[in-house]
Structures are given as C-alpha cells and as structure tokens.
1. Which of the following residues is within 16 Å of the ligand (Cβ to nearest atom) and open to solvent by 10 Å² or more (accessible area, probe 1.4 Å): Gly294, Gly281?
2. Tell me, yes or no, whether region 13-26 has at least one residue that is open to solvent by 40 Å² or more (accessible area, probe 1.4 Å), in contact with an Asp or Glu (Cβ under 8 Å, 6 or more places away or on another chain) and outside any strand (DSSP E or B).
3. Checking Glu219 against (1) within 12 Å of the ligand (Cβ to nearest atom); (2) in contact with a strand residue (DSSP E or B) (Cβ under 8 Å, 6 or more places away or on another chain), only one condition comes out false. Which one?
4. In region 181-204, which residues are more than 12 Å from the ligand (Cβ to nearest atom) and open to solvent by less than 10 Å² (accessible area, probe 1.4 Å)?
5. What are the residues in region 130-140 that are open to solvent by less than 30 Å² (accessible area, probe 1.4 Å), touching a strand residue (DSSP E or B) at 6+ places or on another chain (Cβ under 8 Å) and not small (Gly, Ala, Ser), if any?
6. Here is a check on your reading of the model: is Glu228 of a type in the set (D, E, K, R) and within 16 Å of the ligand (Cβ to nearest atom)?
7. Among the residues of region 148-157, what is the count of those that are in contact with a strand residue (DSSP E or B) (Cβ under 8 Å, 6 or more places away or on another chain), open to solvent by 30 Å² or more (accessible area, probe 1.4 Å) and not acidic (Asp, Glu)?
8. Taking the stated definitions as given, is Ala301 among the hydrophobic types (A, V, I, L, M, F, W, C) and within 16 Å of the ligand (Cβ to nearest atom)?
Amino acid sequence: MAEALKLGIAGVGTVGGGVLQLIDKHWDKFKARAGRSLEVCAVSARDRHKKRSADISTYKWFDDPVVLATSDDIDVYVELIGGEEGVAKDSIEAALKAGKHVVTANKALLAHHGMALARLADENDVALNFEAAVAGAIPAIKTIQESLIANDITRVYGIMNGTCNYILTQMQKEGRNFDEVLQEAQDAGYAEADPTFDIGGYDTAHKLALLTTMAFGVETSLESIYVEGIEKITLADIEAADELGYRIKLLGVGLQTDSGIEQRVHPTMVPKNTPIAGVDGVTNCITFDGDFIGELVLIGAGAGASPTASSVVSDILDIAKGIIPPTFAWRTEDLVPYKRAPMRAHEGGYYIRLSVYDRPGAFAAIAASMADVGISLESIVQRLPESTMPGLDTLPHDGGPVPVDMITHRTTEAAVRKALQAIEKEGNVEEAPQMIRIIKL
Ligand code: HSE
C-alpha cells in the first residue's frame, strides 16, 4: 500500500493557512481520489508563535525553509513564502537539487527564474507545479497542460488581477474614485503587499509571462511584456466607455502574430456584451483561443485563502497520483526562444480622450494630425458642459477646454502615438491625451 505523501510547508500566511485547513477538512478523501493520502510533516514560517487560522503546533518546526526543503522528513516542498528572490528562491533550488517535488504559488519567482528552475526540475526528475500562481482557483495551468494539449493556442488573455478588477468595477458601478476603492481592496486583503504590483500591472505581467510560455511553447520573457497599469484611468474614462458600449478592464494578452509574439498588459475597452465584460469584482477570467476548440472562457475566484489553497492541493495530489508534467507543459529543451512583436506594430481600435480648447480650427487640426498618419476615425464627439443644450449654446464658445472622445478604426500603435504627439505639439489640447486600446473579441 502506498505510503502517505509527506509535505513540508514553508509560509503559513493567508494561503499556507488555507492549505492546512483544506487538508484538515478533506484528508480522508485523498486516498480514494489520488491513491495516496497526504501528511503534513513539517512547517516553517517567519514567526512560530503568531496567531494563525490553522494550528501548527503538531508539526515539526524548521526555522530555516532551506533546511526544511532538503529534509528527509518530506517528499514535497510547498513554497508559500512569496518574493522573486531570497529565501523562496534559495529553498526551491535546494529542494529540487535534493530530489524533492515542489509546489509553489510564487508567480513573481517563476516569471523571473522559471526557465532555470524548470531545467533544475528536469535534471532531478521532479515536479515543479504552480497552478495557484495564476488566477487562484481557475485551472489555467492544467487546462493548457491537459485539456488543450492537442490544440495550437493562438491567443490567451484575461483578467488576472482581482485588485484591479475590483477597483475598476467599483468605480464603474458606484461612481467612486480610484484612491478610495484601492484602500478598500487593501483592507480586504486582495492587494499584494506592495499594491503598485497590482495597479501598475506587474502582477498581471508575471501571470501572463507564465501563460505565454505554456500556451505558445516559448521561453519565458517577462522583460518583453508591454506593461501599463490602471493608475491613469479616471471616472471620465469609465463613463465615456459606458456610453460607447464598453467596459474598461485591465487585461493581460498573449498573441501569436506574423511578426512574433505580442505580450501586453494594459487597460482595455471590451464590448459590454462579451463574457469578460461581465466579470466583476475580484473575479478573474482567462480565455484561450485554440485551433480545434475555438474560444474557451474560464471564470472564477482569482485570489483568497480558500481558492488558492484549492489549486495548491490539486498540484500536490497530482504528485500523489504520480503525474509529473513538464513544468511549462512542453519539455523544457523544446521551448523555443521568444520572438518579440514590437508594441508599435500592435493593431487595433483605440479610444482617445482629449481636452480641447473649443475654438475655430481645433477640430480641423486634430483631424489633420490623424489623417497624416493614415488613421481613420470611426466617431468623434465633443461634449458640451452639462448645462448646455446642443445647438443652443451662445456661439462662438469662450475657447475653454471641452472633452472630445474619439474612436479610431483599426490602426497601429505607432500611428496613434505619432498622431497624439503631433496633437499635443499643436497646442489645441489642455493636457496629455488619454488613450485606451480596444480589443476585438
Ligand atoms: N494581488 C493578486 C490579485 C492576488 O489582486 O489578484 C493573487 O495573485
């Protein structure tokens, strides 16, 4: 009869506590489901005596996670410390070298060092599993590794950061401002320790880097990702998007193009009638386009103790079942070098908001700057102050700045940037233009 799989858990915070609670609740079912039961043998954390959601007093204690990682007491090292360097990295390396399987939720570490760690896992013939690193409970990793293994994936995109989605949702639904809602997300514990990781788009970039590698079979390339966060999104943008039939979401997008792979993270306007537009609050959504499946949309909890613990334990149970998948769904030696499609070659529609001095010739100059770079406008609307009835205003206007919303037909990033530079230079706008990309779904 197979012995219980022995676990060493490093990091007993929100996720680690959730893992211990889950194992405690469901331990009696694991043998029937995975062929082996699980036994937590040892733990390590920064503070042994801190008050926690789970009782750790019955487990063997290690002060140093690196020592735990190589201990004879364990078969699987579960790293839930976090951080892209330091003890998380040292302990995972030590565990892999010692022939221990590793399960981690550490997206930052894998996005930076995943290739080297995957090679180490290969050399030592052990698993390096990380379902919990991308979108909490959503089985994005296993979907690529298992369900879509027979497809060519052409695009992967989604909402991968609950904090940003929560902020954008609250701004849209309640008309509240950015700072107030961010504070609320921090208080609720969704945001990363440093919230600039969330709102600056870096947390999404870490997750996207992993999905891109797995979806397209290329080496991980975090530095190739174009990253723009949600800090500059205002209520005016959200209201304008609503009027035009869109919602604004922070998306991570990985796309195969003729000129290479596009990886980008930025606020995006998505049509209101699409599934992703209805994904609100801290919920995440990952979508795959595959050549034999068309579109596959996965929606679920992207963060939090229980959803993340569910993914961690599913990775542990794969090891119990004897399933050791290639770390990135392709044999590491078969991953090809990353070929980057330049962001300026990105093609799509754009929403542009200008604050234009309302005087003769301003529109003509703006339209000319667009035409000069071959941009065709789908719509252009000047918004009058609320008190003014269209057509009944006293003409000419006093020249004060008024908002102008434009939607372009399909064009390139290079053309849009050039046109906006020219518009700013002409002096008909009060402030730097706002530009939000529109995704074709
Ligand atoms: N800070 C992340 C989020 C948590 O807001 O989605 C999970 O990575």
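The values are calculated or read from the model by the stated rules, or taken from the named source; none is laboratory data. Predicted, not measured: the structure shown is a model, and the values here were computed from it. FYI the Cβ positions are ideal-geometry reconstructions off the backbone, even for glycines, and counts take in every protein chain you see. Heavy atoms of the whole protein, side chains included, go into the accessibility calculation; ligands, DNA and RNA do not. Shrake-Rupley method; radii C 1.70, N 1.55, O 1.52, S 1.80 Å.
1. Working: Gly294 fails: within 16 Å of the ligand (Cβ to nearest atom).
Sole residue among the options that is within 16 Å of the ligand (Cβ to nearest atom) and open to solvent by 10 Å² or more (accessible area, probe 1.4 Å): Gly281.
2. Within region 13-26, not a single residue is open to solvent by 40 Å² or more (accessible area, probe 1.4 Å), in contact with an Asp or Glu (Cβ under 8 Å, 6 or more places away or on another chain) and outside any strand (DSSP E or B).
3. With (1) within 12 Å of the ligand (Cβ to nearest atom); (2) in contact with a strand residue (DSSP E or B) (Cβ under 8 Å, 6 or more places away or on another chain) applied to Glu219, the lone miss is (1).
4. Our first condition is that a residue be more than 12 Å from the ligand (Cβ to nearest atom); within region 181-204, this holds for 181, 183-184, 187.
Val181, the sole residue that qualifies.
5. At the first step, the residues of region 130-140 found to be open to solvent by less than 30 Å² (accessible area, probe 1.4 Å) are 130-136, 138, 140.
Right, trim to touching a strand residue (DSSP E or B) at 6+ places or on another chain (Cβ under 8 Å) and you get 130, 132-136, 138, 140.
Of everything in region 130-140, those that are open to solvent by less than 30 Å² (accessible area, probe 1.4 Å), touching a strand residue (DSSP E or B) at 6+ places or on another chain (Cβ under 8 Å) and not small (Gly, Ala, Ser) turn out to be Phe130, Val134, Ile138.
6. Numbers: of a type in the set (D, E, K, R): yes; within 16 Å of the ligand (Cβ to nearest atom): no.
In short, no.
7. Step one: list which residues in region 148-157 are in contact with a strand residue (DSSP E or B) (Cβ under 8 Å, 6 or more places away or on another chain), which gives 148, 151-157.
The next check asks that each one be open to solvent by 30 Å² or more (accessible area, probe 1.4 Å); those that pass are 152, 154-155.
Filter once more, keeping what is not acidic (Asp, Glu): 154-155.
The number of residues fulfilling the criteria is 2.
8. On the way: among the hydrophobic types (A, V, I, L, M, F, W, C): yes; within 16 Å of the ligand (Cβ to nearest atom): yes.
Considered against the rule, which asks whether it is among the hydrophobic types (A, V, I, L, M, F, W, C) and within 16 Å of the ligand (Cβ to nearest atom), Ala301 comes out as yes.
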